[in-house]
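Quick note: the coordinates plus some simple rules give every number you see, no bench work behind them. Computed from a predicted model, the values in this text were never measured in an experiment. With ideal geometry, Cβ positions are generated from the backbone for all residues, glycine too; neighbour counts draw on all protein chains shown.
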Amino acid sequence: MTTFQNKVAVITGGANGIGRCIAEEFRKYGASVHVIDKAEGEHFVGDIADQQTLETFAQSVLSQHGKIDFLINNALPIMKGINDCTYEEFQYALAVGVTAPFYLSKLFAPHFNEGGSIINISSSRDRMSQPQTESYTAAKGGIAALTHALAVSLSGKVRVNSISPGWIDTTYTVYEGADAIQQPVGRVGNPLDIANMVLFLCSDKAGFITGENICIDGGMTKQMIYHGDFGWSLSE
């Protein structure tokens, strides 16, 4: 793995789950890591749906370093469906999932070191859905599209890519049976599967990759399943 000594990484939603794993991996390889999260802890505590919070956080990072290298937009929007999601809740999901990544990218854009990278965490739900997931799915679709727009606008300055995780178990539970074999790789994912790709995309080894949305889902979105295939059956 490429060393990240003297690099500065900013991670939203980095207190738990995938974000925490990403933060730990960056630290392992020498980066200075700044996390913002609503959860209490030894990081910047705040709600990224709030404009002033984003501005204060960005200024805090820049006052310490002057520049940054990597911005990882990872914070989770709420998941509510069309039956129950209010107007305000839908707006909040978009604020966390799309507006905050856009605004942090804007705030940090003039301050990226050479070789800088933005990684947006989308979801395989940006291309497939379950019922009653509209707020989350819309936000994840939005950040996937934001990715290629930013990649073009920031071309020559910052590379911008997104990652779409599939089923990632943040407790590292090992599943067997149907939960595992429904995915072509034969297992459920874990946060390190995502963190490894984040660090690769931020490294010089990915220097020719920008504007991409890379789906990491064990192949689940590529496998066509029909009633009766492999013992699967549809029950109504």
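What residue among LEU146, LEU104, LEU154 has the largest mean-square fluctuation in a Gaussian network model of the chain, using Cα springs under 10 Å?
Largest GNM mean-square fluctuation: LEU154.
For the ranges 107-114, 189-196, what's the packing order if you count other beta-carbon atoms within 10 Å of each residue, average per peptide, and put the highest first?
Values: 107-114: 15.5, 189-196: 19.9.
The most tightly packed comes first, giving 189-196, 107-114.
Rounded to the nearest 500, what is the 222 nm mean residue ellipticity of the chain from helices alone, with -39500 (n - 2.57) per DSSP H run of 4+ residues and division by all residues?
For the chain, the value works out to -10500 deg cm²/dmol.
For the chain, what is one quarter of the convex hull surface built on the Cα atoms, given in nm²? Intermediate values should be presented prior to the final figure.
Values: hull surface 55.3 nm².
One quarter of the hull surface, i.e. the mean projection, equals 13.8 nm².
Non-local amide H neighbours of LEU71 (under 5 Å, H modeled in plane, Pro and chain starts lacking H): which ones?
Amide H neighbours of LEU71: VAL10, SER117, ILE118, ILE119.
Helix 51-65 against the longest principal axis of the chain: what's the angle in degrees, Cα atoms only, rounded to the nearest 10?
60
Within the set of other residues whose C-beta is less than 13 Å from the C-beta of THR86, count the net charge using Lys and Arg as +1 and Asp and Glu as -1.
-3
Taking H placed 1.01 Å from N in the peptide plane, check which residues at least 5 places from GLY46 or on another chain put their amide H under 5 Å from its amide H.
Those qualifying (amide H under 5 Å, at least 5 residues apart or on another chain) are ASP37, LYS38.
Set the Förster radius R0 to 25 Å, insert the Cβ-Cβ distance between ASP50 and THR86 as r into 1/(1 + (r/R0)^6), and round the FRET efficiency to 0.05.
That gives a FRET efficiency of 0.85.
Would you tally the net charge around ASP193, using a Cβ to Cβ cut-off of less than 15 Å, leaving ASP193 out, and scoring K and R as +1, D and E as -1?
Residues near ASP193 contribute -2 overall.
PHE112's amide H: which non-local residues (gap 5+, or another chain) put their own amide H closer than 5 Å, with H modeled 1.01 Å from N in plane and none for Pro or chain starts?
ILE68
How many lysine pairs in the range 8-231, separated by 8 or more positions in sequence or lying on different chains, have Cα atoms less than 14 Å apart?
The result is 4.
Using only Cα atoms, find the angle between the long axis of helix 134-153 and the longest principal axis of the chain, and express it within 0 to 90 degrees, rounded to the nearest 10.
Around 50 degrees separate the two axes.
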